[in-house]
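Before any comments, here is the structure.
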Amino acid sequence: MILSDTRILEEIEKGTIVIKPYDRSQLGSNSYDVHLGKYLATYNDVELDAKKHNQISHFEIPEEGYVLHPHVFYLGVTDEYTETHAHVPFLEGKSSTGRLGIDIHATAGKGDVGFCGNWTLEISVKQPVRIYAGMPIGQLIYFPVDGEIEVRYNQKKNAKYSGQINRPVESMMWKNNF
């Protein structure tokens, strides 16, 4: 079951869903539109190693936009900072974004109850496309949780992505034991 607009508004009033900046016009019938933040990042190395801390370089999207290219993996970030304390948030691409050949997440569309931060986007494109800071990039939908949450994400000692800032965050796979 997905929360409706009225239920999202109720949860925002209760403080169980936080969206900053919040703009009522971005609330759809069962989702909230999020926008591309002003920073992108790319990995410094061509070959990545899952056991290594792979470094990234951040850069700001200029006012005239920035052209994304196929075969380059970009990390982006939502302009919106969100907190979700009682629901499971899902980030999905907007159909208008998809129709430009832009994928905004490779695998990680689901958040956890207790996630607090800006969402890092895993961006790839099918053909060159110019993007702009502030453009609509995705939508958040919220699912209720059945049962009590024992430990929220922001309370976990090993939460690798809690409190993400307004810049893309690289993979923290290297922190896992395998």
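Computed from the coordinates by the stated procedures, all read-outs in this text should not be read as laboratory data. Just so you know, these numbers come straight off a predicted model, no measurement behind them. We place every Cβ from the backbone using ideal geometry, glycine too, and count neighbours over all the protein chains shown.
Some points to look at:
- Average Cα contact separation per residue, the chain, under 8 Å, 6 or more apart, as relative contact order %: 30 percent
- Under the combined filter of DSSP loop state and at most 11 neighbouring Cβ atoms within 10 Å, the stretch 91-178 retains these GluC sites (Glu not before Pro): Glu148, Glu150.
- Here's the list of aspartates and glutamates a cross-link from Lys51 could span, going by alpha-carbon distance under 14 Å and ignoring same-chain residues fewer than 8 apart: Glu170.
- Most fluctuating residue given options Asp49, Asp103, Asp112, as computed from a GNM of the chain linking Cα atoms under 10 Å: Asp49
- Gaussian network model of the chain, Cα within-10 Å springs - most flexible of Gly117, Gly134, Gly37: Gly134
- Filtered trypsin sites (Lys or Arg not before Pro), the stretch 67-164: DSSP coil and at most 15 other beta carbons within 10 Å: Arg99, Lys126, Lys156, Lys157, Lys160
- Calculated from backbone phi, Karplus (6.51, -1.76, 1.60) coupling profile of the stretch 33-38 in Hz, x at Gly/Pro: 6, 10, 10, 6, x, 7
- For the stretch 1-69, the set of GluC sites (Glu not before Pro) satisfying both a DSSP loop assignment and a count of at most 12 other C-beta atoms within 10 Å is given as Glu47, Glu63, Glu64.
- Pairwise Cα distances in the chain exceed 22 Å in 45 percent of cases.
- Taking a straight line from the alpha carbon of Lys126, these lysines sit under 22 Å away, with near neighbours fewer than eight places off in the same chain left out: Lys38, Lys94.
- Separation of the Phe178 and Gln155 label points, Cα + 7 Å toward Cβ, nm: 2.8 nm
- Annotation: lysines with alpha-carbon distance below 18 angstrom to Lys156 (same-chain offsets under eight excluded): Lys110, Lys175.
- Most mobile of Ser57, Ser25, Ser124 in a GNM of the chain (Cα contacts under 10 Å): Ser25
- For the stretch 149-178 versus the stretch 47-100, the inter-centroid distance based on Cα atoms is 16 Å.
- For Val88, residues with placed amide H under 5 Å, excluding near neighbours: Phe143, Val145
- Charge dipole (Cα centre; +1 on Lys/Arg Cβ, -1 on Asp/Glu Cβ; no other charges) of the stretch 43-156 amounts to roughly 260 debye.
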